[in-house]
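Before any comments, here is the structure.
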C-alpha cells in the first residue's frame with residue numbers, strides 16, 4: 001500500500017506541475033495548497049466530517065491498545081463509512097483520486113484488523129494516516 005501511496009503522490013506532484021501558472025494561481029491558496037471550492041456551510045460540514053474521522057482513528061487506537069481487533073475493525077467500517085469515500089465531493093480530479101485512495105486504505109485497514117496481527121494492523125493504520133497527512137498538505141477548503 002505504501003508503494004501505491006508514494007506512486008499516487010508522485011503522480012499528483014507531476015500533474016500539479018503540468019498546470020499552467022495562470023490557472024494554478026487561481027486555484028492555489030496563499031499557503032500553496034490547492035483550494036477546494038465550496039460555500040461556508042459546505043466547508044463547515046467537511047471539517048466536521050474530518051473531525052469525525054480523527055475521532056474514529058482515536059477509537060481504533062484505543063481498541064488496539066486493548067487488543068480488541070474485531071472492535072477496531074467495526075469502528076473502522078462505521079467511522080469511515082465505507083462506500084462513501086470521505087464524504088467530501090469536489091470537482092477537483094486530484095482530490096477525487098486521493099479520496100479513492102483513502103477509501104481503499106480504510107477498507108484495507110478494516111480487513112487487516114480482522115487478522116489480529118498488531119504489526120500489520122499498525123502498518124495499515126499508518127497508511128491511512130499518511131493519506132490524511134498528504135491530503136491536508138495538498139488541499140485547503142475555501
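Readers should treat all values here as calculations from the given coordinates under stated rules, not as data from a laboratory. This is a predicted model, so every value here is computed, not measured. Glycine gets a Cβ as well: all are built from the backbone with ideal geometry, and neighbour counts include every protein chain shown.
Going by average Cβ neighbours within 10 Å, how do the peptides 43-50, 125-132, 103-110 rank, with the highest at the top?
103-110, 125-132, 43-50
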Next on the checklist: For the pair residue 96/residue 122, report the inter-label distance in nm, with labels modelled 7 Å from Cα in the Cβ direction.
Outcome noted: 3.8
Checklist entry - residue 33 to residue 136: extension gain in nm, 0.36 nm per residue of separation minus the Cα-Cα distance? => result 36.2 nm
